[in-house]
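The values are calculated or read from the model by the stated rules, or taken from the named source; none is laboratory data. Note that this is a predicted model, so its numbers are computed, not measured. Cβ placement follows ideal geometry from the backbone for every residue including glycine, while neighbour counts extend to all protein chains displayed.
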Amino acid sequence: MAKEVSSIGDIRLINSLQEAMSILIETNFDLLILDLKLPDGNGIELLKWLKEKKIDTKVFVFSISKELKKTALRYGAYAFFDKAKDADELIEALKKA
């Protein structure tokens, strides 16, 4: 997917919850694409942390876990996309964001 959205602008791949928190403290991003399943935690934890730290960025959740959709939106996700079928919709939404 990074290849498809590379024309949008600066893209950085972050592979863990802790790495995301470290970078987000120092760097402002217009938006995040967040998978809820991370090697060192759950993406919901990152949404809660962003809200607590008052870090203002649009978060597009991209996950296979439809059960967590309401939770993600409640904790501040801007949009939720089903990883199994919404990749094209996510790319279009990113181009408009």
Could you say whether any residue in the stretch 17-35 is modelled with pLDDT of 90 or more, in contact with a Leu (Cβ under 9 Å, 6 or more places away or on another chain), hydroxyl-bearing (Ser, Thr, Tyr) and over 21 Å from GLU92 (Cα atoms)? no
A careful count of residues in the stretch 22-68 that are in contact (Cβ under 8 Å) with a residue 60 or more places away in the chain and of a type in the set (D, E, K, R) gives 1
Filter result for ALA77 (crowded, with 19+ Cβ neighbours inside 10 Å and assigned to a loop (DSSP other than H, G, I, E, B)): yes
If a residue has to be under 12 Å from MET21 (Cα atoms) and surrounded by fewer than 16 Cβ atoms within 10 Å (Cβ to Cβ) to count, how many in the stretch 53-63 make the cut? 1
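Output the residue which, of all residues in the stretch 20-34 that are surrounded by 14 or more Cβ atoms within 10 Å (Cβ to Cβ) and not β-branched (Val, Ile, Thr), is nearest to LYS85 (Cα to Cα). Spell out the reasoning first.
Initially, the stretch 20-34 is screened for residues surrounded by 14 or more Cβ atoms within 10 Å (Cβ to Cβ), giving 20-21, 24, 29, 31-34.
Among the residues that remain, those that are also not β-branched (Val, Ile, Thr) are: 20-21, 24, 29, 31-32, 34.
Numbers: ALA20: 25, MET21: 28, LEU24: 28, PHE29: 26, LEU31: 21, LEU32: 19, LEU34: 16 Å.
The selected residue is LEU34.
Can you find even one residue in the stretch 16-32 that is outside any helix (DSSP H, G or I) and in contact with a helix residue (DSSP H, G or I) (Cβ under 6 Å, 6 or more places away or on another chain)?
First, the residues of the stretch 16-32 that are outside any helix (DSSP H, G or I): 16, 27-32.
Right, trim to in contact with a helix residue (DSSP H, G or I) (Cβ under 6 Å, 6 or more places away or on another chain) and you get none.
No - not one qualifying residue is present in the stretch 16-32.
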